[in-house]
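The values are calculated or read from the model by the stated rules, or taken from the named source; none is laboratory data. Keep in mind the model is a prediction, meaning the values are calculated, not measured. Quick reminder, even Gly has a Cβ in these numbers, built from the backbone with ideal geometry, and neighbours come from all protein chains shown.
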Amino acid sequence: MSVLWITGLSGAGKTTLAHRIAMRLRAKGIPVILLDGDVLREIFGIGIEQRHDRNSRLSLAFQYAHLCRILTQQGVTVVIATISLFQEIHAWNRANLPDYFEVYLKVPIDELRRRDPKGIYRRFDAGELINVAGLDLDIDEPELSNLVVEFQPNKSIEVVEEELLSIWEAEKINESKQF
């Protein structure tokens, strides 16, 4: 089983892509659990108004990673959409998660501000929020992602979805040939 870890800043399209990938994998008969960082924060009792400093976010990211490991041990593929932009978590995931596949949605801040589906950037600008990843909270861009999706205004989600699945499937085939 695999973990497809889809990361990027708020508004990058992580959840949308994760839902589409999970649907496609299920259609192929692959047992999938979809995890979303927003939902997981609710489950773990961390609301939008609560602590989002680096240490709290890193601790939460490790909880997500450990949950992914437990779920894959149950025989399912996990697709997770989460910001979790820390080198520590990327390294831990590579060392500890089976068939870890990292996707980084790299979208410029001005495009994220334009999208702003949760009003996070607007609220930050109004002084209502602090510790916003990519603004006043430093992030670590992934260095070894299996796929980096650079924002292109005319690139459809369908194209990104196909690219991701094609690369993921090719890597799984290559890994199985090594054994």
Quiz item: Of all residues in region 126-156 being within 15 Å of the chain's Cα centre (by Cα) and of a type in the set (A, V, I, L, M), which is surrounded by the fewest Cβ atoms within 10 Å (Cβ to Cβ)?
Solution: Leu144
Quiz item: Among (1) of a type in the set (Lys, Arg); (2) out of contact with any Asp or Glu (no Cβ under 6 Å at 6 or more places or on another chain); (3) surrounded by 14 or more Cβ atoms within 10 Å (Cβ to Cβ), where does Lys106 come up short?
Solution: (2)
Quiz prompt | Ile30 closer than 27 Å to Glu162 by Cβ, in a loop (DSSP other than H, G, I, E, B) and of a type in the set (A, V, I, L, M, F, W, C) | solution = yes
Quiz item: Within region 49-70, can one find any residue that is of a type in the set (D, E, K, R), in contact with a helix residue (DSSP H, G or I) (Cβ under 9 Å, 6 or more places away or on another chain) and modelled with pLDDT of 85 or more?
Solution: yes
Quiz item: In region 1-19, what residues are part of a helix (DSSP H, G or I), buried (at least 19 other Cβ atoms within 10 Å of the Cβ) and more than 9 Å from the chain's Cα centre (by Cα)?
Solution: Leu17
Exercise. Evaluate the following for Leu85: is it at negative phi, assigned to a helix (DSSP H, G or I) and surrounded by 13 or more Cβ atoms within 10 Å (Cβ to Cβ)?
Key: no
Quiz item: Among (1) touching a strand residue (DSSP E or B) at 6+ places or on another chain (Cβ under 9 Å); (2) surrounded by fewer than 18 Cβ atoms within 10 Å (Cβ to Cβ); (3) modelled with pLDDT of 95 or more, which single condition is Leu25 missing?
Solution: (2)
Exercise. Filter region 157-166 down to residues that are free of Cβ contacts under 8 Å to residues at least 40 places away in the same chain, farther than 17 Å from Ala12 by Cβ and surrounded by 12 or more Cβ atoms within 10 Å (Cβ to Cβ), then give me how many there are.
Key: 1
